[in-house]
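Visitor: If you scroll down you'll find the structure; I have some questions about it.
The values are calculated or read from the model by the stated rules, or taken from the named source; none is laboratory data. Only a predicted model underlies this, so the values are computations on that prediction, with no experimental measurement involved. Note that we place each Cβ from the backbone using ideal geometry, even for glycine, and neighbour counts take in every protein chain shown. Just so you know, the surface numbers come from the protein's heavy atoms only, side chains and all, with ligands and any DNA or RNA stripped out. Shrake-Rupley method; radii C 1.70, N 1.55, O 1.52, S 1.80 Å.
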Amino acid sequence: GTGADTNLYINQAIVFIEDAIQYRSINHRVDSKSLWLYRWYYSRTCQWILSLTITIILALAFIEKPSSLTITSDVRYRLPAWNPPCGLTESIELLCFLVFVADVSVKSYLIGWEEFWKNKWLMAYILTLIVSLTDWIVSLSFFCTENVRIRRILRPFFLLQNSSMMKKTLKSINSTLPEMASVVLLLAVHLSLFTMFAMLLFARTKDGQQDKEWVGYFRNLPDSLTSLLVLLTTANNPDVMLPAYSKNRAYSVFFILFTVLGNLFLMNLLTAIIYNQFRGYLLKSVQSSLFRRRLGIRAAFEVLSSLKETPANAQQSYVSFGALLQVLQKVEMDSRCKQAIMRSLKMCSCDQLSAAQFQKLFEELDKDAIKQHPPSPQYQSHFLQKMQFAFRHPYFGYLGNVVALANIVSICVVLVMDADKQPSERDDFFLGAINCFFILYYLLEMLLKILAMGLKRYLSYPSNRFDGLLTVILLILEIATFAVYGFPHPGWRPEFLGLLSLWDMVRLVNMLIVFRFLRIIPNMKFMALVVTTLLDLVKNLRAFAGILVVVFYAFAITGIMLFKGAAKFFLLLFQTSFYIEKVVVLYFKEKCDFVALLGHFEAEVIYCLLYLLFVNLICRWAKIYFVAWWLISSVIWVNLFIALLLENFIHKWDRRCHREPLSDIEYQRTVELMFRDVLEEPTEEELMEKLHQHPHLQLCR
């Protein structure tokens with residue numbers, strides 16, 4: 001009942017509520033110093049520093065040797081990449097490792113020794129740091145000349161372990177793998193059987209002229225397997241069957257059966273299984289997140305009920321109004337939720353809240369984020385009221401879409417007419433004049449909408465912000481064009497002035513006008529539904545994008561380590577073929593254009609032959625690397641993305657069928673809220689049992 005105990009209980013409740021908001025575990029130390037350290041660790045500044053450190057250590061791969069960070073990727077024209085001196089990137093790495101050491105130390109201390117041994121991610125974190133630091137020491141001892149750097153492959157782990165949603169997603173993917181493996185095994189059986197059939201069907205014969213299919217695609221088991229595997233991706237279709245088809249049309253039946261069974265049945269079956277299984281495991285993950293939120297809120301209630309405001313003879317625990325108000329003033333949460341909770345609290349007539357009332361009060365966290373648009377201005381003038389009615393009407397927006405369409409059509413007509421003209425023959429008067437007219441209309445339309453809706457209401461709509469920003473940019477570009485090149489007139493082809501030529505300025509304006517035409521999307525309901533689904537995926541599924549970055553990064557670093565130096569011979573021959581091509585073309589150009597064309601063709605043939613030589617002699621085992629990449633990125637990951645896209649789209653479609661949102665309200669949902677209707681609320685017994693298992697919190701009951 002002392003003041004120190006009161007402050008401790010208040011701080012514990014604040015931290016537990018913040019844990020509930022962020023779906024964090026409450027199994028951490030709860031003494032005063034640890035709570036201060038805990039809040040500091042999860043502050044925006046500290047988390048921003050940690051995110052910046054992860055970004056820096058991942059970005060080092062772009063400048064480390066072998067660096068390929070050049071303007072062009074063409075080996076014939078690019079300059080040698082900058083190679084930093086030994087010790088520069090290593091010093092940056094060391095600073096990043098020190099931040100990670102501090103990060104894992106704070107995490108380990110906060111959860112305690114007992115919880116540390118249960119946390120596999122933290123143990124893997126420490127192991128990764130030990131291996132990385134050891135590899136860093138080895139690198140310096142060899143003066144940065146070693147060929148293999150293990151720590152580069154381990155860098156994506158730092159990104160992975162820093163996101164709880166990414167870890168949940170990875171756990172869901174891992175749980176889905178057994179079902180995926182059954183279909184992948186079926187694909188392997190399908191591929192193997194057809195490979196055997198192909199080797200028997202296209203076996204070598206006595207007539208060498210009829211063995212083109214055998215020579216090109218089915219010479220041996222690895223080549224046959226590779227050819228059909230590539231056909232499964234449709235990358236070599238129809239090339240793989242043309243030699244056999246030209247010999248006998250009946251051979252096409254083999255390839256049709258393979259494609260139908262593999263692509264239409266097995267691949268789509270894999271998508272269906274992944275959608276069904278992954279949705280179930282993701283639902284379990286979201287269910288555990290809901291349990292964490294309810295547990296955090298209940299923990300806050302229990303510690304607040306220990307304050308002296310609760311009557312000693314009370315049979316049921318209560319939390320006083322004043323204690324909760326004190327907590328809400330200090331807790332960091334969304335202002336919308338805090339205001340809604342404060343309003344509900346003030347509307348409550350009782351001075352004390354029970355556990356059920358306390359939990360219900362914080363259900364505001366589970367609701368859709370509702371954005372209410374500001375009201376329109378109220379004009380006293382009858383004329384302004386009529387203007388407001390006219391320019392707020394949907395028909396005015398439809399007129400703007402028609403004008404934008406007319407602008408697009410006029411640009412297309414001019415581009416078609418001037419497609420074959422040289423820049424010196426092109427008259428930019430017509431295009432400049434119509435662009436000037438349409439931009440003035442766009443400016444007038446924007447000003448009239450602001451007059452009718454008010455500036456705050458106009459800016460509250462994303463479509464208006466998009467439209468207005470492009471209109472302002474177009475106006476600035478048009479003014480700059482007039483200032484540099486004057487007003488349009490017949491024969492308007494001035495010389496190059498300033499940073500951009502007139503044609504470049506006109507092209508930039510036209511590209512922005514075409515981009516501005518996307519304003520029609522909100523007026524087309526079905527198109528708007530598709531676009532909002534994609535935008536929600538971008539906003540809410542950052543965890544999947546993070547795992548995709550991890551996969552890309554790991555495969556890229558592995559590819560650099562495996563194939564470093566393997567292409568030098570190929571690049572040398574490629575450059576040789578390039579010079580042969582130049583010599584042949586220059587030699588025959590004076591004699592005959594046709595002969596020059598033949599010389600160019602011969603040089604291209606030399607290039608193709610050198611490429612085949614490189615693939616067959618140097619990188620035969622590279623097939624395993626690329627097949628693994630195809631399985632993970634295309635077969636598994638693309639199907640996971642399709643599953644989530646379907647789930648998000650179906651959810652939005654169901655909401656659209658059951659409830660049409662009002663024009664002044666926008667609803668925004670997170671991944672957790674997608675499954676809110678099918679989640680089960682945890683019982684009080686489950687919550688109290690979990691609270692009593694807390695390693696650092698001792699409850700009074």
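Visitor: Below 13 angstrom from the Cβ of Leu443, what's the summed charge of the other residues (Lys, Arg +1; Asp, Glu -1)?
Guide: Summing Lys/Arg as +1 and Asp/Glu as -1 gives -1.
Visitor: Quote the convex hull volume per residue of region 116-182, based on C-alpha atoms, as a whole number of Å³.
Guide: 109 Å³
Visitor: I would also like to ask the following. Give me the number: length gained by fully extending Val253 to Trp48, i.e. 0.36 nm times residue separation minus the C-alpha to C-alpha distance, one decimal in nm.
Guide: Stretched out fully, the Val253 to Trp48 stretch lengthens by 67.9 nm.
Visitor: List the trypsin sites (Lys or Arg not before Pro) in region 181-268 that DSSP assigns to loop (not H, G, I, E or B) and whose Cβ has at most 11 other Cβ atoms within 10 Å. Which are they?
Guide: Lys206
Visitor: Can you give me the accessible area per residue for region 57-122, using a 1.4 Å probe, in Å²?
Guide: With all protein chains present, region 57-122 gives 61 Å² per residue.
Visitor: Find the accessible area per residue for region 179-303; the probe is 1.4 Å, ligands and nucleic acids are left out, and the unit is Å².
Guide: That works out to 50 Å² for each residue.
Visitor: Sorted by accessible area with a 1.4 angstrom probe, largest first, how do Cys436, Cys337 fall?
Guide: Ranked list, largest accessible area first: Cys436, Cys337.
Visitor: Give me the accessible area per residue for region 327-421, probe 1.4 Å, as a whole number in Å².
Guide: Accessible area per residue, region 327-421: 63 Å².
Visitor: Could you state the orientation-averaged shadow area of the convex hull built on the Cα atoms of region 142-280, in nm² to one decimal?
Guide: 13.2 nm²
Visitor: Let me ask something else. Can you tell me which of 286-297, 91-102 comes out highest on packing, and rank the rest after it, using the mean Cβ neighbours within 10 Å?
Guide: Per-residue Cβ counts within 10 Å, averaged per peptide and sorted highest first, yield 286-297, 91-102.
Visitor: For an R0 of 51 angstrom, estimate the FRET efficiency from the Cβ-Cβ distance between Met688 and Ile650 and round to the nearest 0.05.
Guide: 0.90
Visitor: Okay, moving on. At a 1.4 Å probe, what is the % contribution of carbon and sulfur to the accessible area of region 134-267?
Guide: Taking all protein chains in place, region 134-267 shows 68 percent carbon and sulfur surface.
Visitor: In nm, to one decimal, how far is the modelled label at Lys212 from the one at Leu193, with both set 7 Å along Cα→Cβ?
Guide: 3.1 nm
Visitor: At q = 0.09, 0.12, 0.17, 0.20 Å⁻¹, what log₁₀ I(q)/I(0) does region 1-136 have when each alpha carbon counts as one equal point scatterer in the Debye sum?
Guide: -0.43, -0.65, -1.00, -1.21
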